[in-house]
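K.L.:
Provided herewith is a single structure, encoded as structure tokens, for subsequent inquiry.
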Amino acid sequence: MNWESVIGLEVHAELATQSKIFCGCSTAFGQEPNTQVCPVCAGMPGVLPRLNRTAVEYAVRVGLALNCTITRYSKFDRKNYFYPDLPKAYQVSQLYAPICRDGHLAVEVDGTTKIIGIREIHMEEDAGKLIHDAVSDNTLMDFSRCGVPLIEIVTQPDFHSAAEVRTFLMQLREILLYLGVCDCKMQEGSLRADINISVRPEGGELGVRTEMKNLNSFKAIGRAIEYETRRQIQLLESGKQVVQETRRWDDDAGVSYGMRSKESAPEYRYFPEPDLLPIYIDDQWLQSIVENLPEMAEAKRARYMRCWGISALEAATLTSHVYVAQLFEEVAALSRNPMEAAHLVAGEIMRLMNQTDTLPEDLAVDAKKLATLITLVSSAKINRNAYKEAVEAVFIDGVDPEEYIAQRGLRMVSDADAIAEAVAAVITEQRQAVADYRAGQHKALGFLIGQAMRKLQGKGNPALVRKAMLEALE
Amino acid sequence: MLNMTALALAKAIRAKKLSVTEAVAEYIKQIEQTNPHLNTFLTVSKDTALARAQTIQAQIAAGEITSPLAGVPIALKDNISTLGIRTTCAAKMLENYVPVYNATVVDRLEQAGMIVIGKLNMDEFAMGGSSETGAYGTVRNPWDTERVAGGSSGGSAAAVAAGEVPLALGSDTGGSIRQPCAFCGVTGIKPTYGAVSRYGLVAYASSLDQVGSIGRTIDDCAAVLSLIAGPDDNDSTCVISKTFTFDTPLLERLAGFRIGLPRNYFAGGINADVAQAVLAAAKELAAAGAQVEEFDMPLMDYMVPAYYIIACAEASSNLSRYDGLKYGYRSPAAETLAEVYRLSRSEGFGLEVKRRIMLGSFVLSSGYYDAYYKKALQTRTLIKQAYDRLFERFDMILSPVAPTTAYKLGENVDDPLKMYMGDIYTVSVNLAGLPAVALPCGFDRQNLPIGFQLIGAAFSESKLVSAARTYQHRTSFHLQQPGGAWV
């Protein structure tokens with residue numbers, strides 16, 4: 001029998017707002033535990049939430065980018081459960097009237113376009129973190145993450161393979177990055193995905209699904225889907241049943257194991273959050289969110305081509321990742337030479353990223369230094385060879401470009417006497433080539449110029465060397 | 001001095017007939033004498049109050065504080081968060097809980113130069129109508145110490161009645177300001193939902209809770225309300241920019257005031273003395289020129305059930321944070337996480353609180369939500385709509401506060417249904433988010449106070465206060481003071 005897997009996703013994205021969703025505490029990652037906490041996010045008796053408007057705007061941005069209907073009159077609900085990382089013992093979330101509904105995203109998989117339905121996007125607050133202290137054998141609570149705004153993007157069960165899921169997630173990630181609403185760092189937990197998965201005979205009735213949690217990388221997601229599909233098929237083929245349950249993925253072991261069954265699923269006792277008014281998004285507010293949407297990849301590509309005459313191929317490369325586009329735009333602005341900046345980032349920088357396995361989000365190269373090099377090469381202070389060498393040194397070692405060029409003596413030789421001296425020496429030494437040229441074999445010119453450049457240690461101003469050579473040969 | 005109204009006391013202070021320190025010291029002396037008999041105060045902040053008295057005195061002298069209540073002591077129901085002062089909600093669960101922040105109302109009182117002299121006893125987490133459910137003993141009624149003070153703001157009403165403090169704050173979720181005022185013969189205002197910030201009021205039922213004032217006269221209560229009311233960035237449900245000033249002159253005649261009298265409130269379970277006194281109050285207002293007209297209050301049978309479903313549902317969620325982990329009581333017997341939750345909550349909460357948490361958890365559970373909670377919300381909407389229609393005909397509704405006067409200690413505490421039915425006249429006001437004032441209007445044959453309430457449309461506090469002021473000008477029930485062995 002041919003089995004088909006049916007997969008739906010719940011993607012959690014932490015919104016990159018400065019402050020938390022219901023109080024003024026900072027959302028910065030990686031600070032000392034419990035330093036970004038106030039009575040409100042710590043859930044002290046008597047506190048009340050205060051909604052962060054930027055969080056709402058960010059959620060709406062995502063809804064717009066995913067072609068959703070924006071809920072004009074949206075509400076919060078309380079999801080009640082006991083856990084030490086949840087200081088109020090309820091999470092403020094949205095069940096009955098989520099902020100966005102009924103969207104879709106087109107993804108390209110193996111050359112065909114597939115439409116993935118988005119069931120809803122809802123807003124909620126993140127929980128804290130539990131840290132197990134091995135020394136004291138205690139579990140410690142860090143409430144700094146409590147109240148960081150989250151959106152949960154729930155897709156329809158429209159995926160049938162790990163490849164489709166992976167492509168969708170990568171595309172979603174780029175959209176979130178371009179929108180500027182999430183930094184999408186899976187290892188820091190700012191982007192997380194839970195997977196609902198079932199298998200069925202191809203085209204048949206839907207099977208019993210399981211939910212997989214603790215997926216911390218794209219690789220883990222792919223592996224977990226393949227593992228779970230195999231596990232379910234094996235169960236069914238051996239005449240057993242799939243149990244509806246929540247499973248936890250152990251990426252090190254490459255296996256998942258059951259956490260809780262449907263019967264033991266928590267009773268969340270959802271009800272409308274009485275401490276917050278409904279969010280009313282009127283035409284004016286929605287309009288201002290639309291107007292303030294950041295420029296997305298497609299618009300950037302068009303602009304690069306239209307305004308700066310950059311080729312379609314380079315424009316596509318530059319916008320493949322938002323961080324690459326950002327680097328390009330910075331270098332273009334600082335150097336005031338967009339075309340040269342495009343060649344540099346789409347060419348040499350991409351090559352160096354590949355060579356050093358640098359991910360776009362880890363790009364740390366200084367745009368100002370690259371812009372300096374562009375200015376130097378385009379004002380004929382250094383030649384192309386020196387430029388390329390210096391770019392690599394800036395990328396890998398972060399050197400100061402001016403110092404590096406000075407130390408390496410890479411500044412271009414434009415001194416007429418030095419060039420004349422080199423040319424004269426070549427003409428004396430390369431009699432045969434000179435004779436060939438004079439006999440009409442013009443390709444000998446390239447060889448002669450090359451020889452002169454060699455004598456100038458590659459630093460000769462190419463235009464001046466060529467001119468001097470031609471004059472000497474006449 | 002203890003017989004003075006709060007406004008008169010403030011005036012005497014401004015006129016330098018009395019120092020703030022003298023006033024504070026005098027009230028603290030009274031508390032120390034009477035509290036052992038009445039159990040009204042859970043915490044007396046003697047040292048900080050006396051220290052603050054000196055500061056405030058200096059500020060008044062320097063003209064830095066000009067509020068009409070500057071220098072006047074006030075005590076707070078112990079569910080109002082006070083920075084550095086223990087806030088227990090009369091619960092074992094919060095026995096040693098000292099807040100790190102002030103409720104908005106506390107900040108506002110202090111900015112106006114009032115002096116917090118202590119925290120008042122109540123029903124545990126404001127759940128109850130007799131101030132018997134707290135973990136630190138029962139509040140006793142100053143008119144008869146064998147009787148309850150009412151609840152849940154029993155400590156607030158009893159302390160004012162006993163002259164321990166000229167003013168107090170209470171909170172009213174289903175009648176918790178009005179009913180103890182009626183039982184203790186004092187005056188109280190339950191403001192419109194959203195008129196006063198709830199930030200720092202330890203939540204019982206968020207969509208119903210409201211902080212209000214309790215005093216000897218309506219003018220004293222109104223003066224406090226004008227200090228604490230107004231929008232607060234920290235409370236999303238308190239955003240409408242309504243502030244109250246109650247400086248309209250006394251109306252000799254209530255000409256043009258249309259008052260509705262719900263005929264069906266006076267049939268059935270109401271005590272005859274109470275009915276008579278409340279009807280007499282209606283006559284008094286009619287004599288003052290108001291137009292009093294009877295009507296039948298709809299939905300009466302649904303008010304108490306809808307209230308208890310909604311209030312308990314919200315309470316079950318609001319009280320989940322008392323989990324034994326971060327603050328409050330933790331069972332010493334607990335070893336696992338599940339035991340910390342189960343044992344701490346089983347041992348830490350009292351019977352009535354547990355009853356309401358269980359009731360609330362039940363009505364929110366899947367399968368029961370639609371049958372109970374959703375129906376209760378629909379009922380609430382119907383009640384609101386009924387009031388909306390009534391306020392097209394009337395400026396205010398005059399009603400009893402409670403079907404009885406103060407009952408004996410322990411009489412109802414084991415009969416929750418009987419206890420809940422005592423809320424019949426008050427809970428619909430909270431469900432509809434309306435303002436109401438409770439005023440003394442007589443005594444029963446055992447010389448126990450009787451109160452009535454005037455209920456108005458949302459944000460009609462000024463009109464309610466005007467009518468109440470005229471009533472108190474024409475009557476002297478609010479000036480009667482209890483006496484007894486405790487005095």
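The values are calculated or read from the model by the stated rules, or taken from the named source; none is laboratory data. If you're wondering where the values come from, they're calculated on a predicted model, not measured in any experiment. Heads up, the Cβs are rebuilt from the backbone with ideal geometry, glycines too, and the neighbour counts pull from every protein chain shown. Side chains included, ligands, DNA and RNA excluded: accessible areas come from the protein's heavy atoms. Shrake-Rupley method; radii C 1.70, N 1.55, O 1.52, S 1.80 Å.
K.L.:
For the range B:330-364, name all the residues that are within 24 Å of residue B:416 (Cα to Cα), open to solvent by 20 Å² or more (accessible area, probe 1.4 Å) and either touching a strand residue (DSSP E or B) at 6+ places or on another chain (Cβ under 7 Å) or at the interface with another protein chain (Cβ under 9 Å from one of its Cβ atoms) (or both).
P.N.:
B:361
K.L.:
Of all strands (runs of 3 or more DSSP E) completely enclosed by the range B:107-180, which ones contain at least 1 residues that are of a type in the set (Phe, Trp, Tyr), open to solvent by less than 10 Å² (accessible area, probe 1.4 Å) and in contact with a helix residue (DSSP H, G or I) (Cβ under 6 Å, 6 or more places away or on another chain)?
P.N.:
Output list is empty.
K.L.:
Can you tell which of B:279, B:261 is touching a residue at least 12 places away in the same chain (Cβ under 8 Å) and open to solvent by 40 Å² or more (accessible area, probe 1.4 Å)? Even if it seems obvious, please write down each step before you answer.
P.N.:
Details: B:261 fails: open to solvent by 40 Å² or more (accessible area, probe 1.4 Å).
Result: B:279 is the single residue among B:279, B:261 that is touching a residue at least 12 places away in the same chain (Cβ under 8 Å) and open to solvent by 40 Å² or more (accessible area, probe 1.4 Å).
K.L.:
Another question about this same structure. Can you tell me which residue within the range A:1-40, out of those that are within 12 Å of chain B (Cβ to nearest Cβ) and in contact with a Cys (Cβ under 6 Å, 6 or more places away or on another chain), is surrounded by the fewest Cβ atoms within 10 Å (Cβ to Cβ)?
P.N.:
By that ranking, first place goes to A:38.
K.L.:
Which number in (1) more than 14 Å from every other protein chain (Cβ to nearest Cβ); (2) at pLDDT below 95 marks the one condition that residue B:393 misses?
P.N.:
(2)
K.L.:
Sticking with this one: Answer with yes or no whether residue A:438 is of a type in the set (Lys, Arg), touching a Leu at 6+ places or on another chain (Cβ under 8 Å), outside the structural domain of residue A:356 (by TED's automatic domain parsing) and open to solvent by 60 Å² or more (accessible area, probe 1.4 Å).
P.N.:
So residue A:438 passes the test.
K.L.:
Oh, and also: Of all residues being of a type in the set (A, V, I, L, M, F, W, C) and at pLDDT below 95 in the range B:396-417, which is surrounded by the most Cβ atoms within 10 Å (Cβ to Cβ)? Just the residue, please.
P.N.:
That would be B:413.
K.L.:
Looking at (1) within 14 Å of chain A (Cβ to nearest Cβ); (2) buried (at least 22 other Cβ atoms within 10 Å of the Cβ), which one does residue B:86 not meet, given that it meets all the others?
P.N.:
Only one criterion is unmet by residue B:86, namely (2).
K.L.:
From (1) farther than 30 Å from residue A:45 by Cα; (2) open to solvent by less than 50 Å² (accessible area, probe 1.4 Å); (3) among the β-branched types (Val, Ile, Thr), pick out the condition that doesn't hold for residue B:237.
P.N.:
Just one mismatch for residue B:237, condition (1).
K.L.:
May I pose another question? Scanning the range B:282-300 for residues that are under 13 Å from residue B:467 (Cα atoms) and aliphatic (A, V, I, L, M), which turns out surrounded by the fewest Cβ atoms within 10 Å (Cβ to Cβ)?
P.N.:
The selected residue is B:287.
K.L.:
For the range A:75-114, which residues satisfy the criterion of being open to solvent by less than 70 Å² (accessible area, probe 1.4 Å), away from chain B (no Cβ under 14 Å) and within 30 Å of residue A:40 (Cβ to Cβ)?
P.N.:
A:94, A:97, A:98, A:99, A:100
K.L.:
Return yes or no: is residue B:49 modelled with pLDDT of 95 or more and of a type in the set (Gly, Ala, Ser)?
P.N.:
yes
K.L.:
Right, another one. Does residue A:286 satisfy the condition of being at pLDDT 95 or above, over 27 Å from residue A:364 (Cβ atoms) and surrounded by 14 or more Cβ atoms within 10 Å (Cβ to Cβ)?
P.N.:
Here the answer is yes, as residue A:286 does meet what is asked.
K.L.:
Need the failing condition index for residue B:53 against (1) touching a helix residue (DSSP H, G or I) at 6+ places or on another chain (Cβ under 6 Å); (2) under 21 Å from residue B:214 (Cβ atoms); (3) not polar (S, T, N, Q), just the number.
P.N.:
So the condition that residue B:53 fails would be (2).
K.L.:
Now a separate question. Need pairs with beta-carbon distance below 7 Å; first residue closer than 13 Å to residue A:84 by Cα and within the range B:321-339, second at pLDDT 95 or above and of a type in the set (Ser, Thr, Tyr); sequence gap 6+ or separate chains.
P.N.:
Note: pairs meeting the criteria are B:323/B:341; B:323/B:344; B:324/B:331; B:324/B:341; B:324/B:344; B:327/B:97.
K.L.:
Let me ask another. Kindly provide the set of residues from the range A:41-60 that are open to solvent by less than 30 Å² (accessible area, probe 1.4 Å) and without any contact (Cβ under 8 Å) to a residue 40 or more places away in the chain, ordered by number.
P.N.:
A:45, A:46, A:47
K.L.:
Another question, then. Given the condition farther than 22 Å from residue B:328 by Cα and in a helix (DSSP H, G or I), answer yes or no: does some residue in the range B:39-47 qualify?
P.N.:
Scanning the range B:39-47, I find at least one residue that is farther than 22 Å from residue B:328 by Cα and in a helix (DSSP H, G or I), so the answer is yes.
K.L.:
A follow-up question, please. Select from the range B:316-327 the residues that are farther than 17 Å from residue B:368 by Cα and either at pLDDT 95 or above or at the interface with chain A (Cβ under 7 Å from one of its Cβ atoms) (or both) and list them in ascending order.
P.N.:
Correct list: B:318, B:319, B:320, B:321, B:322, B:323, B:325, B:326.
Conditions tested, residue by residue: (1) surrounded by fewer than 18 Cβ atoms within 10 Å (Cβ to Cβ); (2) out of contact with any strand residue (DSSP E or B) (no Cβ under 6 Å at 6 or more places or on another chain); (3) part of a loop (DSSP other than H, G, I, E, B).
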| position | (1), (2), (3) |
| --- | --- |
| A:136 | yes, yes, yes |
| A:139 | yes, no, no |
| A:165 | no, no, no |
| A:174 | no, yes, no |
| A:225 | no, yes, no |
| A:230 | yes, yes, no |
| A:234 | yes, yes, no |
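K.L.:
Taking residue B:322, is it touching a helix residue (DSSP H, G or I) at 6+ places or on another chain (Cβ under 6 Å), within 23 Å of residue B:202 (Cα to Cα) and aromatic (Phe, Trp, Tyr)?
P.N.:
Judged against the criteria, residue B:322 is a match.
K.L.:
Acidic (Asp, Glu), more than 14 Å from chain B (Cβ to nearest Cβ) and closer than 22 Å to residue A:189 by Cβ: does that describe residue A:57? Working first, answer last.
P.N.:
Working: acidic (Asp, Glu): yes; more than 14 Å from chain B (Cβ to nearest Cβ): yes; closer than 22 Å to residue A:189 by Cβ: no.
So residue A:57 does not fit the description; no.
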